[in-house]
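First up is the structure itself, then whatever we jot down about it.
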Amino acid sequence: MGKNTFSWPLKILFLFSVMMVALFVVAVVIVLFFGVDTTSINSVITMSILQNLVAFVLPVIMLAIMNKRSELTPLSHTLWMSKGPTFKSIALVVLVWIVAMPAMNYVVELNQSLEFPSNLKWMEEYLRDMEDLAADTTNELLNTQSVGMMIFMVFVVGVLTGLGEEVFFRAGLLGSMLHGKVNKHVSVWVVAFVFSAIHFQFFGFVPRLLLGAWLGYLLVWSGEVWTPIIAHALNNGSIVLVTYLANQNIISDNYLETTGANDHWMALGSAVVTVLLLVVFMRKSPKTNKELMI
């Protein structure tokens, strides 16, 4: 492997610079095709697809090409795609997703119930209005009525978003820090903080921070980005599926979001079992490709 030419802070600066330019280009394209009203379902779907592929995946591919030329590093090394997910890693993702749901819902409820001091109520109202607007857009995407549309939205909201965000935040940002020999725990939590903050949703910051940390540790543990992509896609795609089933009156509304949200003991039990499950799996971690960690 060649000598490092770019430090990890420069690589991260490069990623964010390309992402910002790409977001601007995507915004211009959307306005040209759909006009200034970007709230229509077609414009939102198109923006989501372009954002994930152009603003998130493309910068990391460009970084991988840059690394290949300057450091003689294989593209798959930067992208964390040298190997695929194992059955064990997929099983861990599914089990943790199921077991941790009540605890995560409890954290979501706590975060959403936060109240600002009286002299900052104006800020709270502003932040809640912003989140309500974002929620309306999200609900429009999730509110599918046909099987075909539901499958398509699972692909867009689940698979594409999981791919785009994990390639950028985990393979790109976290990977650059790990390759730069930054402490893995510091790296995971710093990137998780950025991941949550960049969504600009204060009343969902803590659960998204925990989700980001979980996805980061999956990358460190598995040595590849496919496992975090699967976990992210499962988290997002399941919401689309459950919303569709609720629309068909097969299950109750907000089925996933309400389980354990107001039950202290269920949430505590969920958290304890989740931690135990993680300890068991992480102690028997797969043989990570050590080249990815240097």
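The values are calculated or read from the model by the stated rules, or taken from the named source; none is laboratory data. Bear in mind the structure is a predicted one, so any value in this text is a computation, not a measurement. Using ideal geometry, Cβ is built from the backbone for each residue, glycine included, and neighbour counts are taken over all protein chains shown. Remember, those area values only see protein heavy atoms, side chains included, never the ligands or the DNA or RNA. Shrake-Rupley method; radii C 1.70, N 1.55, O 1.52, S 1.80 Å.
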| note | Highest GNM mean-square fluctuation among 87, 152, 200, for the chain with Cα springs under 10 Å, belongs to 87
| task | Please give the peptides 26-32, 161-167 ranked by average Cβ packing (other Cβ atoms within 10 Å per residue), highest first, as a rough proxy for protection. | result | 161-167, 26-32
| note | Rounded to a whole %, the carbon-and-sulfur portion of the accessible area of the stretch 135-217 at a 1.4 Å probe is 71
| field | Probe 1.4 Å, accessible area per residue of the chain, Å² | value | 53
| field | Simple label model, 7 Å out from Cα along Cβ direction - residue 193 to residue 181, nm | value | 2.3
| Stretchable slack from residue 62 to residue 128, in nm (0.36 nm times residue separation minus alpha-carbon distance) | 20.1 nm
| note | For the chain, the dipole about the Cα centre with charges only on Cβ (Lys and Arg +1, Asp and Glu -1), to the nearest 20 debye, works out at 1780
| note | Simple SL model, points at 7 angstrom along Cα→Cβ for residue 265 and residue 83; separation in nm is 4.4
| query | Which order do peptides 206-213, 221-228, 122-129 fall in by mean Cβ count within 10 Å, highest first? | reply | 221-228, 206-213, 122-129
| Across the chain, how many lysine pairs, 8 or more apart or on two chains, come within less than 13 Å at their alpha-carbon atoms? | 6
| message | Taking 41 Å as R0, compute the FRET efficiency from the Cβ-Cβ separation of residue 145 and residue 20 and round it to 0.05. | response | 0.70
| request: Using only Cα atoms, locate the centre of the stretch 57-116 and the centre of the stretch 152-230, then give the distance between them in Å, rounded to an integer. | output: 4
| task | Grab the beta carbon distance between residue 112 and residue 53, set R0 = 22 Å, and tell me the FRET efficiency rounded to 0.05. | result | 0.10
| request: Can you figure out the FRET efficiency of residue 279 with residue 200, using R₀ = 41 Å and their beta-carbon distance, to the nearest 0.05? | output: 0.75
